[in-house]
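My questions all concern the structure below.
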Amino acid sequence: MRAALLVALAACGDSAPDLITVIDEPRVLAILSEPSVLDVDGEIALTPFVVDGNGPRRGDPIQLRACSPWIFVAEPASDCAGTNALPLTLTDGRFKVTTAQLLEAFPPPGGTTLDAASLAVAIEAGLEPRIPVIAEVEADGQTLIARRDLRIVVEANELSNPGLLSVRFDGNLDPTLRAGRDHAVVLEFVGSSFDPRGPDDPRLERFDCYFYSPHGELAEHELDVRDPEITTETPPNRYTAGAPGDSWLFVVVTDRTGGMSADAIPLTIE
């Protein structure tokens, strides 16, 4: 299951805005990580990106747990529990886990063992290990649940998260918009954050970009950068600003090699 499931599309008619773009209650839009993937002998730090209509949320009780890669996780509460779950440790505001801890917690079936060296050999031979991570956030009396699958690779430093360079409104960096007016929104990315699609495919990966706001209307929920060799920008999205006041634009970006990034842009509607 890919990370993009955190921001899965919802069907809607062409005549109405896609309601999945409207942030009218607390939501977990992403589980961010640094680095973008987990090294066979490395560590990763995870941070849920939680928002509501007033912007990014801070201070909500959060629990993260990794799940066994050897089981199918359909219901996180029951499937990712007991010996099939590893609670992650909160350190300096981020949840951290090492590959060594995961290998110790989730040995392969059949009594075999894996260490960093043997895991690297298995990956080189074609194994694509992914560790499901479940986030549970207590927000305003409800429990929000999100999932992200972490990819394990031989060299994590060869891959990067999408690097958002700028968000432009009608060609400008100023996020001051006119109430009731349509504005063109374009995301531009750091060219070096596009990774090759694979060891045998030097073409650059594609970014999938998802848009949200508590007010106004977005014409598109998802846009992508299909050919970064030609352009590192998305096509323009259309944002129809709502009533005067303060608002937000939230963007979540996933790539094809396991990376994810997110940002919250404060808007002033006049």
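Kindly rank 159-169, 72-82 from highest to lowest mean number of other beta carbons found within 10 Å of each residue.
The most tightly packed comes first, giving 159-169, 72-82.
Quickly work out the GLU34-to-ASP60 label distance, labels modelled 7 Å from Cα along the C-beta direction, and quote it in nm with one decimal.
2.1
Checking a compactness column here: for region 152-270, what do you get for Rg(Cα) / (2.2 N^0.38 Å), N being the number of residues?
That works out to 1.15 for region 152-270.
Given points 7 Å out from each Cα along the Cα-Cβ axis, report the GLU104 to ASN157 separation in nanometres with one decimal.
2.5
Please work out, to two decimal places, the log10 of the ratio I(q)/I(0) at q = 0.19 Å⁻¹ from a Debye calculation in which every Cα of region 95-165 carries one identical scatterer.
Debye curve over Cα of region 95-165, log10 I(q)/I(0) at q = 0.19 Å⁻¹: -0.93.
Once the other residues with Cβ under 11 Å from the Cβ of VAL253 are scored (Lys, Arg +1; Asp, Glu -1), what is the net sum?
Spelling it out: positives minus negatives among the neighbours equals -4.
Sticking with this one: Sequence gap at least 6, Cα distance under 8 Å: using those rules, report the relative contact order of region 3-269 to the nearest whole percent.
22
Rounded, prolate or oblate: which one fits region 11-91, using the alpha carbon gyration tensor with axes a ≥ b ≥ c (rounded when a/c is under 1.5, else prolate when a/b beats b/c, else oblate)?
It is prolate, given that a/c is not under 1.5 and a/b is the larger ratio.
Could I ask something else about it? Give me a comma-separated list of calculated 3J(HN,Hα) values for region 126-133, in order, Karplus coefficients 6.51, -1.76, 1.60 applied at θ = phi - 60°, integers in Hz, x for any Gly or Pro.
Working through the residues one at a time gives x, 5, 10, x, 9, 10, x, 10 Hz.
Then there's this: Using only helices, what value at 222 nm comes out for the chain when you add -39,500 (n - 2.57) per DSSP H run of length 4 or more and divide by the total residues, to the nearest 500 deg cm²/dmol?
Roughly -2000 deg cm²/dmol at 222 nm, from the helical runs in the chain.
Sequence-distant or interchain residues sharing an amide H contact under 5 Å with LEU88, placed H: which?
For LEU88, the qualifying residues are LEU64, ARG65, ALA66.
Kindly write out, for region 196-211 in residue order, the coupling ³J(HN,Hα) from the Karplus curve 6.51 cos²θ - 1.76 cosθ + 1.60 (θ = phi - 60°), rounded to whole Hz, with x marking Gly and Pro.
x, 5, x, x, 10, 9, x, 4, 7, 5, 9, 9, 10, 10, 10, 10
Remind me, what semi-axes does region 178-225 give for its equivalent ellipsoid, largest first in whole Å, using sqrt of 5 times each Cα gyration tensor eigenvalue?
In descending order, the three semi-axes are 31, 10, 7 Å.
For labels at ASP41 and ALA81 in the simple 7 Å Cα→Cβ model, what's the distance in nm?
3.8
Sort 33-44, 90-101 by packing, meaning the average of other beta carbons within 10 Å per residue, with the highest value first.
33-44, 90-101
Output ³J(HN,Hα) for region 109-122: one whole-Hz value per residue in order, computed from phi by the Karplus curve 6.51 cos²θ - 1.76 cosθ + 1.60 with θ = phi - 60°, and x for Gly and Pro.
x, x, x, 7, 10, 10, 10, 4, 5, 5, 5, 4, 4, 5
How much net charge surrounds PRO202 when only the other residues with a Cβ under 15 Å from the Cβ of PRO202 are counted, with Lys and Arg +1 and Asp and Glu -1?
-3
May I have the convex hull volume per residue, in Å³, for the Cα set of the chain?
Normalising the Cα hull of the chain by residue number yields 140 Å³.
Name the most mobile residue of VAL251, VAL190, VAL154, meaning the one with the largest mean-square fluctuation, in a Gaussian network model of the chain with Cα contacts below 10 Å.
Comparing VAL251, VAL190, VAL154 in the GNM, the peak value goes to VAL190.
Read the figures in this text as sums done on the coordinates, not as results from a lab. Treat the numbers as computed from the prediction; the structure is a model and nothing was measured. Methodologically, a virtual Cβ is constructed for each residue, glycine included, from the backbone with ideal geometry; neighbour enumeration extends over all protein chains shown.
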